[in-house]
């Protein structure tokens, strides 16, 4: 596997605060990688180290196999970046900003730029100071998607976009992926990551706590099972793979380990099934599992929603 | 309920919450207000305290009055009526030379204050938080103006206290001097209240208000130079036309300020309910949809973003150079009017007063040109912490290009500002002496200051790249160089303190011969600081606010 991004034991401290605490992240070429975590978990710091804006204190970071701190300018020709909170030059119009950012990368594909302006419904003649947050975001997105680059680093790029524009953004990421581009998408919007990303890394307090494909993650977590049976079933609560079982007459509901599905379904089939739904865990549920203790501390009783 | 009562209630309703807002704004602005009030009143007090010692006898003041009684000098000071009173009143001399400048600073303080508290807050959506509370549509503006009113009265009182000890009182002259500043403050607060309703953005509201200030300085300058009615067109001129501290002293010109302020405040209140939140009466204009071909590098962007500062530097130095030059012709008479201490400051070892004061003026010009380099370097810091730099840093730009290009832009700004000062020092000096040989002297002397100006600029950049959180360091350095330049002879500063200043090492040309070795060494020091600055830019993290 050819890694576009690779960090090993990355540590970044700001004074007494350790923002990244031995972070290992790997993104393969051509992959759209979701980078999940709440605010302050270290997503932006990771991306800024990868961009050579911050120097790591320990560990290694590699971009296209090179050192992002030393070779920043050369590496940046191959990537485009959208920060989470885009600040624009108040006196420059959106169009000027897009052209400038394109030229700094070696040139602007005018047709592509105009097409993107159209799709994002952005007026390029307005001055930077008069754009709303969402429109500032669009300026950076148009500049990034218009660029002919190998890697897109997107740091919460859809904050401030309305759902319509969110859909346009999803289309653009899929096109970029189809064109063979590698995408690192940092986000806390689960549906966006679920729709776009093949692989996901979950970051917590500067450490990657889970990484893998969505399918793998689901495999190691529980599905939600609801069934209406024809006859009562016994012994379900003794099964090691069944959790939080609640029974109401012939209706049962439980969480169930993916590995236990075979056996439990066989047991239910014996009793006779009138209705059955089995939902794999959503990314949100997987994500919240890693933050269960924090949620408990803030008064949410259980790591899982509902 | 009659229509009139309903209208009245509606009018009062739009002011609901003004008191609460006022207290909040006062808290938020206390540093701004304290800084400006202390600076204005403190500076005035220090200058006023030094005047009697600098010009102790009437003959000296009269002789000095002769030298400043030229159109050029009057345009930068005040009306001729004050000059005629120089002999009998030190206060008249002080008021003549100060009101234009303290008045202009007062105007800047109040117009920035009003725009800060109104439009700027709307842009950062701070006041949105308030508008959602039970607060009337006019309460923002009412609170801002009330705060400005309180500050204006405080300023007047402090200014009056600052000049209270000046000789030459013509009956409550200190009070009138203070009131004149209150009047200027109130007028410009009211003007800014109107521009804040008109302009599309806070920055253009400031721009419009500054245009009114420019108009005031221009008309006062023209009127005072030509001794005609143009001074009556200027809010700062009205303060000057009180002829405070002269036998002709009068209070009524300030009534004009009151009338204009009342009209402007009325207009602002009428406009504020007619516009939408966050949008001015004059819509922001659309710009270019595509960038010009030249905007293709970080350096091009840096130069574009700093061109306003560079232009301000060129214009300032043009005026300063021309003003210093205009003193050349009358320098011999001026010398006679000077005190011992002032002669000590001016003595640079030259054979004539012109040579001595040229050597001092070009160093001052260099230092003032350096201010604009410091401003450009400061802009780099703002770009960085406000997050715009991130977009450039993520592009294919080496660190020497960003933030490195800001050193280039700063060096360009100080160089062109210094050259402009030299050209206009030469031109206006030649004109006032009636001798064109002075042109090359004035220009050459100015150009010889460049290595020191570069060293100061490169130091500011190195301080920015190595110690980004200590932004005040470059201003401390500037003030120190200023103190060394102005007071080294007076205060007997130790050798090391003077040695810090690059200006001290350069030869005092034309008072002495050019010292090429010193010029080369200071240039080398500037080069070293430049290298140090770039090394700092390459090694450090970007700062995020």
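Among the listed residues A:266, A:275, which satisfies the condition of being outside any strand (DSSP E or B), exposed (fewer than 12 other Cβ atoms within 10 Å of the Cβ) and not assigned by TED's automatic domain parsing to the domain that holds residue A:193?
Numbers: A:275 fails: outside any strand (DSSP E or B).
It is A:266.
Examine the stretch B:482-499 for a residue that is within 29 Å of residue B:404 (Cα to Cα) and touching a residue at least 24 places away in the same chain (Cβ under 8 Å), and state whether such a residue exists. Walk me through how you get there before you give the answer.
Quick first cut of the stretch B:482-499, residues within 29 Å of residue B:404 (Cα to Cα) only: B:482, B:499.
Among the residues that remain, those that are also touching a residue at least 24 places away in the same chain (Cβ under 8 Å) are: B:482.
Yes; the residues of the stretch B:482-499 include at least one that is within 29 Å of residue B:404 (Cα to Cα) and touching a residue at least 24 places away in the same chain (Cβ under 8 Å).
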- Every residue from the stretch A:89-118 that is surrounded by 24 or more Cβ atoms within 10 Å (Cβ to Cβ), out of contact with any strand residue (DSSP E or B) (no Cβ under 6 Å at 6 or more places or on another chain) and not in a helix (DSSP H, G or I): A:92
- Task: Identify, by number, the condition in (1) surrounded by fewer than 17 Cβ atoms within 10 Å (Cβ to Cβ); (2) within 29 Å of residue A:171 (Cβ to Cβ); (3) in contact with a helix residue (DSSP H, G or I) (Cβ under 9 Å, 6 or more places away or on another chain); (4) touching a residue at least 12 places away in the same chain (Cβ under 8 Å) that residue A:82 doesn't meet.
- Result: (1)
- State all residues of the stretch A:75-106 that are within 7 Å of another protein chain (Cβ to nearest Cβ) and either within 24 Å of the chain's Cα centre (by Cα) or within 24 Å of residue B:539 (Cβ to Cβ) (or both); if no residue qualifies, say none. A:76, A:77, A:81, A:83, A:85, A:87, A:104
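Need a quick list: helices (runs of 4 or more DSSP H) entirely within the stretch B:486-545 having at least 1 residues that are within 14 Å of another protein chain (Cβ to nearest Cβ).
Values: elements: B:495-499, B:502-505, B:516-539.
Here the list reads B:516-539.
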- Message: Anything in the stretch B:201-250 that is without any contact (Cβ under 8 Å) to a residue 12 or more places away in the chain and not in a helix (DSSP H, G or I)? List them, or say none.
- Response: B:228, B:250
- Message: What are the pairs with Cβ atoms under 6 angstrom where one residue, in the stretch B:287-309, is facing chain A (nearest Cβ under 9 Å) and the other, located anywhere, is outside any helix (DSSP H, G or I) and surrounded by fewer than 17 Cβ atoms within 10 Å (Cβ to Cβ)? Sequence gap at least six, or different chains.
- Response: B:287/A:125; B:289/A:125; B:300/B:294
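Conditions (1) farther than 30 Å from residue A:100 by Cβ; (2) surrounded by 24 or more Cβ atoms within 10 Å (Cβ to Cβ); (3) within 28 Å of the chain's Cα centre (by Cα), marked per residue:
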position: B:416; (1), (2), (3): no, no, yes
position: B:431; (1), (2), (3): yes, no, yes
position: B:442; (1), (2), (3): yes, yes, yes
position: B:450; (1), (2), (3): yes, no, yes
- Of the residues in the stretch A:114-127, those that are within 9 Å of another protein chain (Cβ to nearest Cβ) and over 17 Å from residue A:165 (Cβ atoms) come to A:125, A:127
- Per-region count, the stretch B:359-405, residues at the interface with another protein chain (Cβ under 10 Å from one of its Cβ atoms) and not in a helix (DSSP H, G or I): 11
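Determine whether residue A:249 is at pLDDT below 90, more than 30 Å from residue A:40 (Cα to Cα) and either buried (at least 20 other Cβ atoms within 10 Å of the Cβ) or in contact with a strand residue (DSSP E or B) (Cβ under 8 Å, 6 or more places away or on another chain) (or both). Working first, answer last.
Numbers: at pLDDT below 90: yes; more than 30 Å from residue A:40 (Cα to Cα): yes; either buried (at least 20 other Cβ atoms within 10 Å of the Cβ) or in contact with a strand residue (DSSP E or B) (Cβ under 8 Å, 6 or more places away or on another chain) (or both): no.
No; evaluated as a whole, the condition is false for this residue.
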- Query: Right, residue B:190: within 30 Å of residue B:50 (Cα to Cα), at pLDDT 90 or above, in the same structural domain as residue B:80 (by TED's automatic domain parsing) and out of contact with any strand residue (DSSP E or B) (no Cβ under 9 Å at 6 or more places or on another chain) or not?
  - Reply: no
- Item | residue B:399 being modelled with pLDDT under 90, closer than 19 Å to residue B:527 by Cα and assigned by TED's automatic domain parsing to the domain that holds residue B:384 | yes
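Only one of these is loosely packed, with under 15 Cβ neighbours inside 10 Å and out of contact with any strand residue (DSSP E or B) (no Cβ under 7 Å at 6 or more places or on another chain): A:238, A:244. Name it.
Values: A:244 fails: out of contact with any strand residue (DSSP E or B) (no Cβ under 7 Å at 6 or more places or on another chain).
Just one listed residue meets the conditions, A:238.
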- Message: Looking at (1) within 23 Å of residue A:192 (Cβ to Cβ); (2) surrounded by 15 or more Cβ atoms within 10 Å (Cβ to Cβ), which one does residue A:257 not meet, given that it meets all the others?
- Response: (1)
- Task: Inspect all residues belonging to the stretch B:403-424 and state whether any of them is closer than 30 Å to residue A:107 by Cβ and modelled with pLDDT under 90.
- Result: yes
- Out of all the residues in the stretch A:207-226, which are assigned to a strand (DSSP E or B) and in contact (Cβ under 8 Å) with a residue 60 or more places away in the chain? A:207, A:208, A:209, A:210, A:211
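The values are calculated or read from the model by the stated rules, or taken from the named source; none is laboratory data. Please read all numbers here as calculations on a predicted model, not as lab measurements. We place every Cβ from the backbone using ideal geometry, glycine too, and count neighbours over all the protein chains shown.
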